[in-house]
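So the structure is just underneath, and the comments pick up after that.
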C-alpha cells in the first residue's frame with residue numbers, strides 16, 4: 001500500500017539531468033511549475049502557470065491541419081496564407097492536438113508527478129551525486145507547492161541526497177519556515193531593493209521577501225543571494241549602490257549577479273504571449289564587472305553568472 005507521502009502530487013515542468021550551474025557538483029534539477037510572481041523578463045514563462053500549457057513550435061509545423069480538426073475548442077486556427085496559429089485563451093487543455101501532430105510542433109508544458117515517480121526518476125542519477133552533487137528544486141516557485149516539495153525532500157534525504165533550493169522567497173512565513181527545515185543550500189533571489197519598483201516589475205512587493213531572507217540568515221542556512229540584472233529595471237548606478245547597502249545590512253557572504261539574457265524569448269511566441277523585453281540585447285558579463293567590484297568591497301564571494 002502506498003503511503004500518503006507517495007500519493008502526494010505536484011505540478012512539474014520537467015526533471016533535467018546533468019546540470020552544472022544549479023548548485024555544487026553534478027545535479028538533477030526538478031523544475032516546479034507555477035509561480036506567484038510575474039517577472040516581465042522571465043526566461044521560463046511556461047513555469048508561471050500552475051496548469052499544463054500548450055507550446056506551439058511554429059518552425060516545426062508542416063501545416064497539415066490535423067491539429068485544427070482534432071481540437072474540440074477551436075483553439076487551433078489557420079490564417080488566409082495557410083499558416084497555423086494557436087489561440088491560448090480558447091485552449092481547454094484537452095491537448096488532443098498534441099497526439100495527432102506528426103512533427104511534435106505541439107507540446108504539453110507541465111504534468112502531475114507523484115513523490116514516488118519523481119524519486120524513481122531522480123535516483124537514476126544517484127551515482128553522479130557522490131562527488132558533492134545532488135538535486136536542485138527550481139521553478140516556477142518551490143514554495144508555491146510546499147506540501148509536495150517537503151515530502152519529496154524527505155524522501156530524497158532518506159537516500160542521503162543533498163538538496164539546493166532556488167527561490168523567490170515569496171510565500172507565507174509558515175511555508176518558508178517549512179522549507180528551511182530541509183533545504184541544505186538556498187539560492188535566494190533579490191530582484192530589487194525598492195518595493196514600488198519590485199511591485200512594478202514582478203507583481204509583488206519586496207518586504208515579505210526580505211523578511212524571509214532574514215529568517216534564512218538567522219536559521220544559518222548556507223545561502224547565496226542572486227540578483228538578476230535587468231535593463232530598465234535594476235541596472236543603474238543608483239541600483240548598484242542600494243543593493244550594496246542592502247546586502248551589507250544583511251551581512252550576505254555570497255552573491256551571484258545574473259546578466260539579462262534572451263534564451264527564453266522564443267517560449268513567449270510558443271505560448272502565444274507578448275514579451276516586453278523582446279528588443280533588449282543580452283548583457284555581457286563584462287558589463288557587470290563594475291557592479292561586481294563594488295560588491296566585493298563588502299562581500300567575500302561575488303561571481304557573475306550562476
| message | It is to be established whether one or more residues within the stretch 284-296 are surrounded by 12 or more Cβ atoms within 10 Å (Cβ to Cβ), in contact with a helix residue (DSSP H, G or I) (Cβ under 9 Å, 6 or more places away or on another chain) and in a loop (DSSP other than H, G, I, E, B). | response | no
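Every residue, every condition in (1) in contact with a helix residue (DSSP H, G or I) (Cβ under 7 Å, 6 or more places away or on another chain); (2) in contact (Cβ under 8 Å) with a residue 24 or more places away in the chain; (3) assigned to a strand (DSSP E or B); (4) buried (at least 20 other Cβ atoms within 10 Å of the Cβ), yes or no:
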{"site": "13", "(1), (2), (3), (4)": "yes, yes, yes, yes"}
{"site": "17", "(1), (2), (3), (4)": "yes, yes, yes, no"}
{"site": "24", "(1), (2), (3), (4)": "no, yes, no, no"}
{"site": "28", "(1), (2), (3), (4)": "yes, yes, yes, yes"}
{"site": "35", "(1), (2), (3), (4)": "yes, yes, no, yes"}
{"site": "38", "(1), (2), (3), (4)": "yes, yes, no, no"}
{"site": "43", "(1), (2), (3), (4)": "no, yes, no, no"}
{"site": "80", "(1), (2), (3), (4)": "no, no, no, no"}
{"site": "92", "(1), (2), (3), (4)": "no, no, no, no"}
| query | Which condition does residue 131 not pass, out of (1) within 22 Å of the chain's Cα centre (by Cα); (2) surrounded by fewer than 16 Cβ atoms within 10 Å (Cβ to Cβ); (3) touching a residue at least 60 places away in the same chain (Cβ under 8 Å); (4) over 20 Å from residue 273 (Cβ atoms), if it passes all the others? | reply | (1)
| field | Residues of the stretch 95-117 satisfying the condition of being part of a strand (DSSP E or B), surrounded by fewer than 16 Cβ atoms within 10 Å (Cβ to Cβ) and in contact with a helix residue (DSSP H, G or I) (Cβ under 7 Å, 6 or more places away or on another chain) | value | 108
| Which residue, of 40, 83, 104, is over 30 Å from residue 165 (Cα atoms) and at pLDDT 95 or above? | 104
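The values are calculated or read from the model by the stated rules, or taken from the named source; none is laboratory data. A quick note: this is a predicted structure, and the numbers were derived from the prediction, not measured. Cβ coordinates were reconstructed from backbone atoms using ideal geometry, including for glycine residues, and neighbour counts include every protein chain displayed.
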